[in-house]
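Here the structure comes first, spelled out in structure tokens, and everything after it is commentary.
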Amino acid sequence: MRLKHPNTRPAGAPVRFRFDGAEIEALPGETIAAALAAADIVAVRRARSGAPRGPYCGMGVCFECRVRIDGRAQLRACMMPVREGMQVATHD
């Protein structure tokens, strides 16, 4: 996850992607889950019951952070680095 401290400076130019249509700014090399958490977005999908679900383990074991990336379903946000212009959507 990203450190939010006034003395911490990004190492490179920000990377922008879209999550459910909203533009999100990320740091180079950051995962989708980390960028979303830094943007205060913690729910990335809904369980069958309708309960919000989001990153839990942060290492690709629990599958709670599954999202749709550029049309591909069931990808784990905690394992996928951001790319400029990628389209990420809540997984149904």
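The values are calculated or read from the model by the stated rules, or taken from the named source; none is laboratory data. Predicted model only: the values in this text are computed from it and were never measured. Cβ placement follows ideal geometry from the backbone for every residue including glycine, while neighbour counts extend to all protein chains displayed.
In region 4-30, which residue that is surrounded by 11 or more Cβ atoms within 10 Å (Cβ to Cβ) and assigned to a loop (DSSP other than H, G, I, E, B) is modelled with the highest pLDDT?
This residue is Asp20.
Do you know which of the residues in region 69-85 that are under 10 Å from the mean Cα position of the chain (by Cα) and either surrounded by fewer than 19 Cβ atoms within 10 Å (Cβ to Cβ) or of a type in the set (S, T, N, Q) (or both) is farthest from Val15 (Cα to Cα)?
Met79
So which residues in region 35-57 are in contact (Cβ under 8 Å) with a residue 40 or more places away in the chain and either of a type in the set (Val, Ile, Thr) or under 15 Å from Met79 (Cα atoms) (or both)?
Ala35, Leu36, Val44
Give me the residue from region 32-68 that is at pLDDT 95 or above and assigned to a strand (DSSP E or B) and, out of that set, surrounded by the fewest Cβ atoms within 10 Å (Cβ to Cβ).
Within region 32-68, the match that is surrounded by the fewest Cβ atoms within 10 Å (Cβ to Cβ) is Arg68.
Any residue in region 65-92 that is among the basic types (Lys, Arg) sitting within a Cβ distance under 9 Å of a residue that is surrounded by fewer than 12 Cβ atoms within 10 Å (Cβ to Cβ) and in a strand (DSSP E or B)? List the pairs, counting only those 6 or more apart or interchain.
Arg66/Ala73; Arg66/Gln74; Arg68/Gln74
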